[in-house]
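This report concerns only the one structure given below.
The values are calculated or read from the model by the stated rules, or taken from the named source; none is laboratory data. Because the structure is predicted, anything quoted here is derived from the model rather than measured. Note that each Cβ is placed from the backbone with ideal geometry, even for glycine, and that neighbours are counted across all protein chains shown. To get the accessible areas, we keep the full protein, side chains included, count just its heavy atoms, and leave off ligands, DNA and RNA. Shrake-Rupley method; radii C 1.70, N 1.55, O 1.52, S 1.80 Å.
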Amino acid sequence: MASSDLTRKPTIRDVAAVAGLSHGTVSRVINGGHWVSPEARAAVEEAIRTTGYTTNHAARSLATGRSGSLAFLLTESQQLLFSDPTFALLLRGATAALAERAMTLVLLIADSPGEQANVERYVRAGHVNGVLLVSSHASDSLLASLVAAQVPTVCSGIPRAGDTPVPSVSIDEVGSARMMTRYLTDRGHRRIALITGPNDTPGGRFRLVGFREELGDRFDPGLVEQGPYERDSGNAAMTRLLERAPDIDAVFAASDVMAVGAIDALRRAGRRVPEDVAVAGFDDSGLAAVHTPPLTTVRQPWPDISATMVDMLLDIIDGTPRESVVLPTTLVVRESA
């Protein structure tokens, strides 16, 4: 390079000139592309060192074999990222944990099979070092594909039994549901309904298990409704429950969002909360504290979940195996129950 060029930041074209290769070849090497000979790759690496292009993020990635970023992968519809505050809490926590390490987080949303195929190609191309899978359904094949491609992956919540084993960070779903159910029975409620999530999600199936185990012989399957973790779903489920069992005196919803929907239905039916029907939620996502009335709920340790997932994934990327982690929850009593 000429002396007059030394005052500016080296570019990819400078690397190409020093390496004696085309701009396209250098770009493929830096971006982890295929169809580059070992000789060309070595020439590009030497040219990067010679020009000082190593100050560039892509060059550092080339030198370390890492992109310096992780994927936050949500296999839900885009609207849930904004309507369900739990995902925002996890996203914020993971971003903060990576910022402390001068790393970045890439948000990926893949609901449909086509979107999941695009995400799989993106991840397998090496654009991220690993995946934080924050939602997983039993019907999804993406998790198995990531593991088969040897992409380091950590799940939020326990994957469905029979799935490819992968480390996870979860809460005690069964114990948490039992804790809330026990609280409601201790308050004297006898006709307690459950609005739970989809059976192909950890929260959906395990919170139902805990509810059923705690009630024992008092469990009535006619007082259970399932649906997606959405406000409209909780509203519709509560409406169906009231039609079947108008004497319900308490309802436990498997998410705060569903609990708010249940309250919508109760108010429309002329029922007071908590005087006529107590309502309890799950998550303590921020919505619970500001709702009227404030929700009694199960608090998930959101910052700990995010930080633990990031720590676990970075260890796995470094070659250190990690076992799954189960974190405790807390019962938060407010005015709704």
### Task
Mind checking the per residue accessible area of the chain for me, 1.4 Å probe, whole number of Å²?
46 Å²
### Karplus 3J(HN,Hα) series, Hz, for the range 121-130 with 6.51 cos²θ - 1.76 cosθ + 1.60 (x for Gly, Pro)
5, 4, 5, 5, 6, x, 6, 10, 8, x
#### Entry: Per-residue [θ]222 nm for the chain (sum of -39500 (n - 2.57) over DSSP H runs n ≥ 4, rounded to 500)
-13500 deg cm²/dmol
### Query
Which net charge results for the neighbourhood of Ile171, defined as the other residues with beta-carbon distances under 15 angstrom from its beta-carbon, given Lys and Arg at +1 and Asp and Glu at -1?
-2
### Task
Specify the residue with the greatest mean-square fluctuation among Met103, Met258, Met312, computed from a Gaussian network of the chain linking alpha-carbon atoms under 10 Å apart.
Met103
### Query
When every alpha-carbon pair in the chain is counted, what percent end up more than 33 Å apart?
40 percent
### Under Karplus coefficients 6.51, -1.76 and 1.60, residue-wise ³J(HN,Hα) of the range 245-259 in Hz, glycine/proline x
9, x, 8, 3, 10, 7, 9, 10, 9, 7, 7, 4, 4, 5, 5
### Task
Name the long-range amide H neighbours of Thr296: under 5 Å, sequence gap of 5 or more, or other chain; modelled H, no Pro or chain starts.
Gly281, Arg334, Glu335, Ser336, Ala337
### Message
Let me cross-check Asp264: its accessible surface, 1.4 Å probe, with only protein heavy atoms counted, in Å² to the nearest 10?
### Response
40 Å²
### Query
Between the range 244-262 and the range 142-203, what's the alpha-carbon centroid distance in Å?
19 Å
### Query
Relative to the first principal axis of the alpha-carbon coordinates of the chain, what is the inclination of helix 85-99, with its axis defined by its Cα atoms, in degrees from 0 to 90 and to the nearest 10?
30 degrees
#### Entry: Choice from Gln150, Gln300, Gln226 with maximal GNM fluctuation in the chain (Cα, 10 Å cutoff)
Gln150
### Query
Amide H of Leu194: which non-local residues (sequence gap of 5 or more, or other chain) have their own amide H closer than 5 Å, using H built in the peptide plane?
Val224, Glu225, Phe252
### Message
Could you identify which residue out of Asp249, Asp276, Asp172 has the top mean-square fluctuation in a GNM of the chain using Cα springs shorter than 10 Å?
### Response
Asp276
